[in-house]
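Working notes for the structure below.
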Amino acid sequence: MKTLSFADLDLSPEIQRAVGDLGFEEPTPIQSLAIPLLRDKKDVIGQAHTGTGKTAAYGIPVIEAVRPGEKRPQALVICPTRELAIQVSEELRKLAKYQKGITIIPVYGGQPIERQLHALRSGVQVVIATPGRLLDHLDRKSIDLSAVRTVVLDEADEMLDMGFRDDIETILKRVPGQRQTVLFSATMSKEILDLSARYLHDPRTVQVMHDRLSVPKIEQSYYEVRESGKIDALSRLLDLHDPQLTLIFVNTKRRVDEVAGHLQARGYLAEGLHGNMNQSQRERAMGRFREGRIDILVATDVAARGIDVPDVDLVVNYDVPQDPEYYIHRIGRTGRAGKSGKSFTFVSGREMWKLRDIQRFAKIRIAQQAVPAAHEITLRKAELLTGRVRRMIEEQDLSPDTARVQQMMGDEYTSLEVASALLRLLSGDGAKPER
């Protein structure tokens, strides 16, 4: 299909601004297909896996259609788990950042119901709920669904697998019949099709399924780190493995500048590559990377299209990719032409769910590793330096420098002491001269 931009979707200025803040470069396929249909008030069946951008695919039309003056829920999103309900709520809040008067709350079990009751009494336009807790509220009459115009069943197949069929039907029967119903599912089982036939009116079907994923033979690892610790972890891994060429992938344009700036401040030869750069800037950065004048390139998935550098030693997923296919495309940048390659993925918080999806869909196992400790880096730097010194002795004529060393030795120092001092200075551990 034709690649669209968010401008092609004719989003409201507020949504366009929020999308810009999030740094997304272009809509995902499911967003390109579903958003126009949902804005046209069609019922939609969407077949797409987790991580394909489906939350924004239904979230953008939902937010644009909300009337802030109406204090009752106008949109209802039903999710199988509290984790997904929280995740959806957070993403919709980011999309609604510049929409005034819109309140979005998640409603799920495991949280004191009194807190939810207070939020509901204050007025809510969008509710994201798990089936069991939503039924609790309906029994208490603490949620009024009479103004709901859009219902979304997110990950419907998982809800049916968890035994929520009766709960879902009970909820749908208590929502006005004149509504838009949206169903997203990774699979299209008979049960899903039966549910669709009963509760969706003349639905349009959009499908974005993964191609068969071919996983290159690359050493793959992941590191569980907090968001605030990612740059330190990255620095340690770069120092430990000392790759010649490294590609670092992030999910947004803003993130490119942020990570590249941190690396440059730490003395690494790094540059960024993203969609806001003009063609000459992108070609210049690519040329410098290909020629080895910089050894680290930070890029988004969109900007990295067409990158063909055969000697990339390491790929780092600084952010877990939004789509399992993106993961395969990313790590495929290394280990080319029979050469060995490594890929590292940083995972924090709920990103672990995305990593599990990647492993399940690609039928691979990504091994967890511990971020190397500071003393390991010191030892590794010493090993690398020793190797460089040995190669220099074996491969180069050092006679012009011998006289200087003898001059430094004089009558006071041995050649071993002079060599040790020079080695320490070369490793960066030398003491600063006294003033």
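Listed conditions (1) more than 20 Å from Gln180 (Cα to Cα); (2) buried (at least 20 other Cβ atoms within 10 Å of the Cβ) are all met by Ile78, apart from (1).
Where residues in the stretch 51-69 are part of a loop (DSSP other than H, G, I, E, B) and of a type in the set (Gly, Ala, Ser), which of them is farthest from the chain's Cα centre (by Cα)? Among those that are part of a loop (DSSP other than H, G, I, E, B) and of a type in the set (Gly, Ala, Ser), it is Gly69. When every residue of the stretch 10-29 is checked against the conditions, none turns out to be closer than 18 Å to Val182 by Cα, surrounded by 22 or more Cβ atoms within 10 Å (Cβ to Cβ) and within 23 Å of the chain's Cα centre (by Cα).
Taking the stretch 366-397 as the range and being in contact with a Phe, Trp or Tyr (Cβ under 9 Å, 6 or more places away or on another chain) and either in a loop (DSSP other than H, G, I, E, B) or polar (S, T, N, Q) (or both) as the test, the residues that pass are Ile366, Gln368, Gln369, Ala370, Val371.
If only residues of the stretch 338-358 that are modelled with pLDDT of 85 or more and surrounded by fewer than 16 Cβ atoms within 10 Å (Cβ to Cβ) are counted, the one that is nearest to Tyr326 (Cα to Cα) is Arg356.
Highlighted here are the helices (runs of 4 or more DSSP H) found entirely within the stretch 169-279 that include at least 3 residues which are surrounded by 14 or more Cβ atoms within 10 Å (Cβ to Cβ) and assigned by TED's automatic domain parsing to the domain that holds Arg293: 230-241, 253-265. Taking the criterion of being part of a loop (DSSP other than H, G, I, E, B) and either buried (at least 19 other Cβ atoms within 10 Å of the Cβ) or β-branched (Val, Ile, Thr) (or both), the only residue of the stretch 280-294 that qualifies is Ile294.
The values are calculated or read from the model by the stated rules, or taken from the named source; none is laboratory data. Since this is a predicted model, take the numbers as computed values, not measurements. So basically every Cβ, Gly included, is an ideal-geometry build from the backbone, and we count neighbours across all protein chains shown.
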